[in-house]
Amino acid sequence: YSVIEVADGQQAVEEFAARARDISLVVLDQTMPVMDGREAFERIRRVSAAVPIVLITGYTDTLTGPVDPHTSVLYKPFRSATLTARIQEATRA
């Protein structure tokens, strides 16, 4: 995989908006500096309603509101093989 690493949620949104055509999957953590994962998720969805997103969280009670069919939630802790499988599953759909 070719990965674009960002420092925070705001940068994730900016990078996605600038390069949406080149990005086939987004991985967001629920807890990120500047802008949390849920807000970044919502802003990315405004740019693309269909890009697959894997939303990672360690808190089962923080994900409120609808999650669309192009989004997968992965709860911490998890193994790297689980993340890899989730990415493969999301990009095949």
Please work out which one of (1) in a loop (DSSP other than H, G, I, E, B); (2) touching a helix residue (DSSP H, G or I) at 6+ places or on another chain (Cβ under 8 Å) is the condition Ala50 fails and give its number. (2)
So how many residues does segment 8-44 have that are under 17 Å from Lys76 (Cβ atoms), open to solvent by 60 Å² or more (accessible area, probe 1.4 Å) and outside any strand (DSSP E or B)? 2
Scanning for something of a type in the set (S, T, N, Q) and either at pLDDT 90 or above or closer than 23 Å to Asp22 by Cβ (or both), does segment 51-69 turn up at least one residue? no
Mind checking which pairs have a first residue in segment 67-93 that is closer than 20 Å to Ala40 by Cβ and in a loop (DSSP other than H, G, I, E, B) and a second that is modelled with pLDDT of 90 or more and open to solvent by less than 40 Å² (accessible area, probe 1.4 Å), Cβ under 6 Å, 6 or more apart or different chains? His70/Pro52
Just for segment 70-93: of the residues that are in contact with a helix residue (DSSP H, G or I) (Cβ under 9 Å, 6 or more places away or on another chain) and not hydroxyl-bearing (Ser, Thr, Tyr), which one is modelled with the highest pLDDT? Phe78
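The values are calculated or read from the model by the stated rules, or taken from the named source; none is laboratory data. Since the model is a prediction, treat every value here as computed from it, not as a measurement. In this analysis, Cβ positions are derived from the backbone assuming ideal geometry, glycine residues included, and neighbour counts consider all displayed protein chains. Heads up: the accessible areas ignore ligands, DNA and RNA and are worked out on the full protein's heavy atoms, side chains in. Shrake-Rupley method; radii C 1.70, N 1.55, O 1.52, S 1.80 Å.
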